[in-house]
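Novice: Dumping the structure here so I can ask a few things about it.
The values are calculated or read from the model by the stated rules, or taken from the named source; none is laboratory data. Computed from a predicted structure; not experimentally measured. Every residue, glycine among them, receives a Cβ derived from its backbone with ideal geometry; neighbour counts consider all protein chains shown.
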Amino acid sequence: MAFQSVTPIRLAQAVITESYLSIYTCPTNARTYVKDMLVCNTQPGAVTVFINIVPDQAVVGEANAIYNSYAIAANTTFHWKGTQVLSQGDTIQVKGTAPTATFVSTATDNCFTTNTTGGTESNVLVTIANHNASDGDSVTFSGAVAVGGITAPQLNTTLTVASATTNTFIVVTAGAATSVATGGGTGITAAFDYGERPTITISGGEAT
């Protein structure tokens, strides 16, 4: 088959997902030239991405990885330039982790403040400077001790961020405070999952 012309195009653009997602398939009776890949991580946490060019009928895996478990720092764009050639039925498949960041002592020392306002005794104010979380993100605590009647197991779990400001946010625990107190200890780890995964854009050309 003779390929007479190459049309430059944006081959694919998609938000990377937790499981492999096929974002491009080389058309029938064509050949695709991949020339440019951009992965834009707009979130305040690092991500890990996997990019594969999978031959027709093959199974995605390390054998066809272009980038395998590649780390991209927070607020960073990864840019690849080169040449990869796809034949009919070949696919580009991608996946990645959610952006994450972990805070430890001293940033998390005694970061919990309980309250006893009626109907909100389960709410705990968390103070961690520049945590970068937004409402709806998740945070997993470990190493905390009981404070104000909220037990350690009720703190050392995955909770949802609410009412976020630059340095504070609220989590709703399964407990109920019996006193107003600030504490939790000096061995706390706070692991944030910022939720939104990066976007990948792939450009090149299709020859027919």
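Novice: Just name the residue that is nearest to residue 61 (Cα to Cα) out of those in region 85-132 that are in contact with a Leu (Cβ under 9 Å, 6 or more places away or on another chain) and surrounded by fewer than 19 Cβ atoms within 10 Å (Cβ to Cβ).
Specialist: Once the filter is applied, the top-ranked residue is 95.
Novice: For region 67-85, name all the residues that are in contact with a Phe, Trp or Tyr (Cβ under 8 Å, 6 or more places away or on another chain) and aliphatic (A, V, I, L, M).
Specialist: Of everything in region 67-85, those that are in contact with a Phe, Trp or Tyr (Cβ under 8 Å, 6 or more places away or on another chain) and aliphatic (A, V, I, L, M) turn out to be 72, 85.
Novice: Let me spell it out: the conditions are (1) touching a Gly at 6+ places or on another chain (Cβ under 6 Å); (2) surrounded by 14 or more Cβ atoms within 10 Å (Cβ to Cβ); (3) farther than 30 Å from residue 19 by Cβ; (4) touching a residue at least 60 places away in the same chain (Cβ under 8 Å), and residue 197 meets all of them except one. Which number is the exception?
Specialist: That leaves (3) as the condition not met.
Novice: Anything in region 16-62 that is among the hydrophobic types (A, V, I, L, M, F, W, C) and under 13 Å from residue 97 (Cβ atoms)? List them, or say none.
Specialist: Answer for region 16-62, where residues must be among the hydrophobic types (A, V, I, L, M, F, W, C) and under 13 Å from residue 97 (Cβ atoms): 16, 39, 46, 47, 49, 50.
Novice: Within region 42-78, can you find the residues that are among the aliphatic types (A, V, I, L, M) and either in contact with a Gly (Cβ under 6 Å, 6 or more places away or on another chain) or crowded, with 16+ Cβ neighbours inside 10 Å (or both)?
Specialist: The answer is 46, 47, 49, 51, 53, 54, 60, 65, 66, 72, 74.
Novice: Output the strands (runs of 3 or more DSSP E) that fall wholly within region 121-184 and possess 1 or more residues being free of Cβ contacts under 8 Å to residues at least 40 places away in the same chain and of a type outside the set (D, E, K, R), or say none.
Specialist: Numbers: elements: 123-127, 138-142, 158-160, 168-172.
Filter on region 121-184 gives 158-160.
Novice: Considering (1) among the β-branched types (Val, Ile, Thr); (2) touching a residue at least 24 places away in the same chain (Cβ under 8 Å); (3) within 15 Å of residue 20 (Cβ to Cβ); (4) not in a strand (DSSP E or B), say which one residue 94 fails and leave the rest.
Specialist: Unmet for residue 94, out of (1) among the β-branched types (Val, Ile, Thr); (2) touching a residue at least 24 places away in the same chain (Cβ under 8 Å); (3) within 15 Å of residue 20 (Cβ to Cβ); (4) not in a strand (DSSP E or B): (4).
Novice: Name the residue that is modelled with the lowest pLDDT, counting only residues in region 153-208 that are in contact with a Ser or Thr (Cβ under 9 Å, 6 or more places away or on another chain) and within 30 Å of residue 87 (Cβ to Cβ).
Specialist: Looking at residues that are in contact with a Ser or Thr (Cβ under 9 Å, 6 or more places away or on another chain) and within 30 Å of residue 87 (Cβ to Cβ), I get 208.
Novice: Under 9 Å by Cβ, and 6 or more places apart or on different chains, what pairs join a residue from region 21-49 that is of a type in the set (D, E, K, R) with one that is not in a strand (DSSP E or B)?
Specialist: Partner pairs satisfying both residue conditions: 31/1; 31/3; 31/88; 31/208.
Novice: A follow-up question, please. Suppose we filter 60, 39, 49 for residues that are at pLDDT 95 or above, outside any strand (DSSP E or B) and touching a strand residue (DSSP E or B) at 6+ places or on another chain (Cβ under 7 Å); which single one remains?
Specialist: Just one listed residue meets the conditions, 60.
Novice: Taking region 133-186 only, how many residues are among the aliphatic types (A, V, I, L, M), under 19 Å from residue 100 (Cα atoms) and surrounded by fewer than 18 Cβ atoms within 10 Å (Cβ to Cβ)?
Specialist: 2
Novice: Residues of region 95-111 being in contact with a strand residue (DSSP E or B) (Cβ under 6 Å, 6 or more places away or on another chain) and of a type in the set (Val, Ile, Thr), which ones? Show your work before the answer.
Specialist: Our first condition is that a residue be in contact with a strand residue (DSSP E or B) (Cβ under 6 Å, 6 or more places away or on another chain); within region 95-111, this holds for 95-104, 108, 110-111.
Across region 95-111, the qualifying residues are 97, 100, 102, 104, 108.
Novice: Can you work out which of the residues in region 188-206 that are within 16 Å of the chain's Cα centre (by Cα) and aliphatic (A, V, I, L, M) is nearest to residue 153 (Cα to Cα)?
Specialist: 190
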